[in-house]
Amino acid sequence: MKRLNELYAGINVDTKIKSIKINSKEVTKGDLFVCTMGVTADRHDFVDEAISNGAAALLVSRDIGHKSVPVIKVPNTNREFPFLCQKFYDYPDNKLTMIGVTGTDGKTSVATIIQTLIGSHLCGYIGTNGRSCAAFTGDNPNTTPDADKLYAYLDEFVKFNCKYCAMEASSEAFFRGRLQSVMYDLSVHTNITSEHLNIHGTFENYVECKLQLFKQTKKDGYCILNSDDSLYETVRNACNGNVLTYGSHDNDTLQIVSYKVYPTRTLVTFKYRNDTFDIESPLLGDFNVYNLAAGLLSVLALGLKMEDVLVNIPKLKVDGRLDMLSTNTPYYVMVDYAHTPNGIEKLLNFVHTLDINRSIVVIGQAGERDYLKRPKVGNVVVKNATHAIFTYEDPRSEDPMKICEDIISELKETHNNYEIVIDRREAIQKAIDMAGPKDIVLILGKGNETYQKLKDGKIDFNDVEEAYQAVANRNIRESVNS
C-alpha cells in the first residue's frame, strides 16, 4: 500500500492506495483507477463506475470534469501505466533476475524448462500456463499480463523469496506497451514464423515487436538465440546484450550434436565449451530438443553449474504439451497446445514416428485473430493427418462456421479427409468414437486451458477433461452393447 503523494511527488494528497486497476469492474475500495486506452474502449468512459466501486483516485490523460475523488492528469496514461505499477510495487523486477522468452512456438516450454532447471523454489513462471513458483500456482489472464497484474505477480515472487522470474514475452505485449518498463537480464529466442497478423498488420511489424525483447536486454545481460532459425541474423542484429547461440552448428555456444527420439524419452548429445555430454530427456519430439537446448544454455549463462542443472532434467514436464492421456484403451489420446502451422506440422511429424496407425485431429482457430493463418492450418492438418475434424476454438464474436469455412477454403478441391463438427464437445466425442486400435486422437489448440471464449463470454471447458469423458462415454456404450 502507498499514499498518492508517494507515487506522485508534488501532489498534496495523502490518500491511501491499496492497488492499481485498469478494469473498472475489478475496482474495489482504495484502488487507483488508471484510464488507459484499451483495444476497443477508452477507460475514461468508466470513471463513474470505478468511483462507484470504491476507487480512491483516478489517473487520466484528458479532462473528465469534477469528481468526488482526487484526479491526476498525465500526458499519456498508457505510457505512464507500467512505470506507475513498477513504482507502486517497489521495483520487484529489479529484485529478480528477469528472463524473457519470445518466439512463435515454444515460449511456454522454454520458460517452464528454465523454471524447472533452476528450481521452482527460486524461480517463478508467468505465461500461458498461469503463474507459479514452489509456494503457489495461480491463473493468468494473458500470456503476458497487463502491468498491474504483472508487477503484482513479480511482487508475489519476491515475497516468496524467488530470485528469478522466467516469463513469456509475447509480441502483443510489446505492441500494447505492457513491457516497456522491464529491462531483462536474459532474453531467449525460440523461432519466428508468421502469426498474429490481425494485430500487427504485417509480418515485418510482428518481427519488430519480437525484437523489442532483445533491445530491452541489459548490456551486461545475455541474448540466447536459435542459430538454426531463419531469422537468426535479424534477431542477432537487434541484440543489446551478449549473444550466445544454440543449434546444430560447430560454432554454437551449445551445440546439438545428435539426438534420437523414442516414444517415451529423447536421448540428446550436446557440446558445451568443448565438453560433450549426453542427456536423457522426458520431453518428446525434435522441437523439444531445441526447447531444451534454449533452457539449458539460459541457466548455464546465468552461472548455474552443469551438475546442479542435470539432476533436474528428469523433472521436466510442460502442462498441456504432448500430454498423452492415461486412457487404458487400445487407442491413444493426446492433448497439445499446438495452434500455429509450424507447431502443428512439427507435432504431427513427430507423432508419425511412433508406432501408430491413423491420426485423427480435432482443431479449430480462434475468432477475432489472424484469419490469414486459418487456411494454412487447414492445409497443414489434412496433409499430415489421416483425418481432421474442424471445430470451434475461442470463437468470441465470430461465427464458428465461418471460421471453419476459412480453414477449409483451400481444401475443397484437393482433399476429402476432413469434416466440420462445430460443437467442440461433439467433435472430441466423434474423434474418440472413430479411433481404432493403435490410432491416435490429437486434440489441439488449447492444451490444458480451462475455458472457451464464446460470444456471450467465457465458459468452463477443458480439453483433457472432455477427452476423458468422451472415452468414458464410449466405454459405457460398448459395455452395454457387448
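Note on the stretch 299-393: with neighbouring protein chains present and a 1.4 Å probe, carbon and sulfur make up 49 percent of its accessible heavy-atom surface. Qualifying trypsin sites (Lys or Arg not before Pro) in the stretch 373-482, where qualification requires a DSSP coil assignment and no more than 13 other C-beta atoms within 10 Å, comprise Lys412, Lys438, Lys455.
At an R0 of 41 angstrom, the distance between the Cβ atoms of Thr269 and Asp42 translates into a FRET efficiency of 0.15.
What order do you get for 129-139, 224-234 when each peptide is scored by the mean count of other beta carbon atoms within 10 Å, highest first?
224-234, 129-139
The alpha-carbon of Lys210 sits under 15 angstrom from the alpha-carbons of these aspartates and glutamates, leaving out residues fewer than 8 places away in its chain: Asp105, Glu168, Glu172, Glu195, Asp229, Glu233.
Between Phe160 and Glu368, the C-beta separation translates, for a Förster distance of 35 Å, into a calculated FRET efficiency of about 0.45. Electrostatic bookkeeping for Leu444 treats Lys and Arg as +1 and Asp and Glu as -1; over the other residues with beta carbon under 10 Å from its beta carbon, the sum is -2. Helices in the chain, meaning DSSP H runs of at least 4 residues, each add -39500 (n - 2.57). Divided by all residues, the mean residue ellipticity at 222 nm is -9500 deg cm²/dmol.
Secondary structure note: in the chain, about 35% of the DSSP beta bridges are antiparallel. Taking a straight line from the alpha carbon of Lys458, these aspartates and glutamates sit under 18 Å away, with near neighbours fewer than eight places off in the same chain left out: Glu26, Asp139, Glu368, Glu393, Asp394, Glu398, Asp399, Asp423, Glu449, Glu466.
Helices meeting the span-like rule in the chain (full DSSP H runs, Cα extent of at least 20 Å along the helix axis, mean Kyte-Doolittle score of 1.0 or higher): 286-301. Other residues within the sphere of radius under 15 Å centred on the Cβ of Ile64, judged by their own Cβ, net out at -1 (K and R +1, D and E -1). Dipole orientation for the chain: of the candidates Met98, Ile313, Pro330, Met98 has the Cα lying most toward the positive pole (charges on Cβ; Lys, Arg +1; Asp, Glu -1).
Go through Lys87/Lys315; Lys346/Lys412; Lys149/Lys317; Lys163/Lys315; Lys373/Lys446; Lys149/Lys446 and tell me which ones have a Cα-Cα distance over 28 Å in this structure. With Cα atoms farther than 28 Å apart: Lys87/Lys315. Neighbours of Met334 by Cβ distance under 12 Å: Lys/Arg scored +1, Asp/Glu scored -1, total -3. For a 4.7 Å threshold on C-beta separation, the list of partnerless cysteines in the chain reads Cys35, Cys85, Cys123, Cys133, Cys162, Cys165, Cys209, Cys404. Each of His339, His189, His121 has its accessible area taken with a 1.4 Å probe; listed largest first, they run His121, His339, His189.
Placing +1 on each Lys and Arg Cβ and -1 on each Asp and Glu Cβ, with no other charges, gives the chain a dipole about its Cα centre of roughly 980 debye.
The values are calculated or read from the model by the stated rules, or taken from the named source; none is laboratory data. Quantities reported herein were computed from a predicted structural model and do not represent experimental measurements. Glycine gets a Cβ as well: all are built from the backbone with ideal geometry, and neighbour counts include every protein chain shown. Accessible surface is based on the protein model in full, side chains and every heavy atom, while ligands, DNA and RNA are left aside. Shrake-Rupley method; radii C 1.70, N 1.55, O 1.52, S 1.80 Å.
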